[in-house]
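Trainee: One structure is given below, represented as structure tokens, and several questions about it will come after.
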Amino acid sequence: MAEIVAAAAAVHAPQLISRPQNEELEKLDRGTDALHRLGRVLDETSPDVLLVIGLDHLETFWLGAAPTFTVFVGEHAEADYAGRVHRKVPVHTEIAVDLLKGLVARDFDMTFSQEGTLGHAFLTPLQYVLQDRQIPVVPLLVNVYLPPLPSPRRCYALGRAIADVLASRPERVAVLASGGMSHFPGTARYHDPQLSFDEWVLQEVGAGRWQELLDLTPVQLDEVGEGELLTWFVMLGITGEMPASMLSYQALSHHGHGVVQLIPPLAPAVAAPEPTVPRYGGHVFTQDDYRWYKFPEPSSFALNKLLHQIIVNPGFRAEFVRDRAAVVGAAALTDPERRALLAEGFDELVAVGAHPLLALSARQVVALEQQNAAPAPGTAPASGAGSR
């Protein structure tokens, strides 16, 4: 019978990799220190496999297909962030395929993939937790940004089914949920995360009180920027309900960076303390539908496809940087969509139907392309250089 020898949940923010100078670097350092500590847990527990429960920021899948739950079963997993940092690690294909077959047999309609580049939800734990350790992985993706989304209880049930499949295997298993905490990337609320909700979540999981979290709806998670907690609920289904010890929590202006450990427990079991943070951190839910990460309407498909091409197609991205007006003018877009693409921010794009993550990622990779294309100080621009 498989033994769960380690279990944790951790932030995967891309700033931990890119380390922009306008961030609070000491807070990023404390976050990566906590991730390194999880790596030392792997040394102490000697797992045969690391199950990474992550998600997709429209880096692996997009509107062409948006699966709810995916097991990666290829021989190697590759993870990348904006073409700047890349990792390739072996996959424990025997366990991955067993999970795929076993979960479908248990009435979960799983998707599988043998090829594809994973995003920073996987790169960050590979970079800072796994590092150079020779432990094969099994990547599992949960859809948290393209509604309709699975509920917390459905994710928990998936975790219970994973535990049931693993029960017939002999390996020592480490589980890492990659995601959280409150943040709103690509939206007008980017600098307004619900940090008080984070405080309540950490209080509840620290006491082993998970039921109210599992009762939340996907729309409520959208309202407080906590959709990535769905990966935590899959992990919880695997481990069973137990307290989580906080290794680090860093409140940045745009994101709550949390790292917690469930197994091995860091403290002996004691009676849960009485709560001091009010329910939901004092937040009162008001949304009756997704607001920040909506279902992408088919009428905006051409715009979102163009943004996706900017992100994944280096040649198209370079052409967009060379002559944005020509690329936009040739595309089958509405006039408002063209104006939004010619503007500099991403709020305009979201307002005309772009998915926030596509709008944000496209702007980010274009900025990087512009930096790379800029002539070095004291040199003349290349002949024939076009407009932005």
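Trainee: Any residue at all in region 108-124 that is within 16 Å of the chain's Cα centre (by Cα), crowded, with 21+ Cβ neighbours inside 10 Å, of a type in the set (S, T, N, Q) and more than 27 Å from Asp215 (Cβ to Cβ)?
Mentor: Yes, some residue in region 108-124 is within 16 Å of the chain's Cα centre (by Cα), crowded, with 21+ Cβ neighbours inside 10 Å, of a type in the set (S, T, N, Q) and more than 27 Å from Asp215 (Cβ to Cβ).
Trainee: Right, Val350: modelled with pLDDT of 90 or more, more than 24 Å from the chain's Cα centre (by Cα) and not assigned by TED's automatic domain parsing to the domain that holds Leu35 or not? Don't jump to the end; show me each part of the working.
Mentor: On the way: modelled with pLDDT of 90 or more: yes; more than 24 Å from the chain's Cα centre (by Cα): no; not assigned by TED's automatic domain parsing to the domain that holds Leu35: yes.
Spelling it out, it is not the case that Val350 is modelled with pLDDT of 90 or more, more than 24 Å from the chain's Cα centre (by Cα) and not assigned by TED's automatic domain parsing to the domain that holds Leu35.
Trainee: Could you list, in sequence order, the residues of region 180-197 that are more than 22 Å from Pro356 (Cα to Cα) and either at pLDDT below 95 or among the acidic types (Asp, Glu) (or both)?
Mentor: Within region 180-197, no residue meets the criteria.
Trainee: Also, quick follow-up: Quick one: is Ala380 modelled with pLDDT under 95 and either within 29 Å of Asp222 (Cα to Cα) or out of contact with any Leu (no Cβ under 6 Å at 6 or more places or on another chain) (or both)?
Mentor: yes
Trainee: Could you tell me which of the residues Val142, Val205 is in contact (Cβ under 8 Å) with a residue 12 or more places away in the chain, closer than 24 Å to Pro273 by Cβ and of a type in the set (A, V, I, L, M, F, W, C)? Steps first, answer last, please.
Mentor: Numbers: Val142 fails: closer than 24 Å to Pro273 by Cβ.
Within the list Val142, Val205, the selection yields Val205.
Trainee: Examine region 50-72 for a residue that is touching a residue at least 40 places away in the same chain (Cβ under 8 Å) and more than 19 Å from the chain's Cα centre (by Cα), and state whether such a residue exists.
Mentor: No; the residues of region 50-72 include none that is touching a residue at least 40 places away in the same chain (Cβ under 8 Å) and more than 19 Å from the chain's Cα centre (by Cα).
Trainee: Across region 182-208, which residue is nearest to Val11 (Cα to Cα) among those that are assigned to a loop (DSSP other than H, G, I, E, B) and touching a Pro at 6+ places or on another chain (Cβ under 8 Å)? Can you show your working first?
Mentor: At the first step, the residues of region 182-208 found to be assigned to a loop (DSSP other than H, G, I, E, B) are 182, 184-194, 207-208.
Adding the requirement that they be touching a Pro at 6+ places or on another chain (Cβ under 8 Å) leaves 182, 184-187, 207-208.
Details: Ser182: 10, Phe184: 14, Pro185: 14, Gly186: 17, Thr187: 19, Ala207: 20, Gly208: 20 Å.
Top of the filtered list is Ser182.
Trainee: A further question follows. Take Phe295 and decide whether it is closer than 26 Å to Ala340 by Cα and in contact (Cβ under 8 Å) with a residue 24 or more places away in the chain. Before you say what the answer is, go through the steps one by one.
Mentor: Values: closer than 26 Å to Ala340 by Cα: yes; in contact (Cβ under 8 Å) with a residue 24 or more places away in the chain: yes.
Answer is yes for this residue.
The values are calculated or read from the model by the stated rules, or taken from the named source; none is laboratory data. Because the structure is a prediction, the values reported are computed rather than measured. Methodologically, a virtual Cβ is constructed for each residue, glycine included, from the backbone with ideal geometry; neighbour enumeration extends over all protein chains shown.
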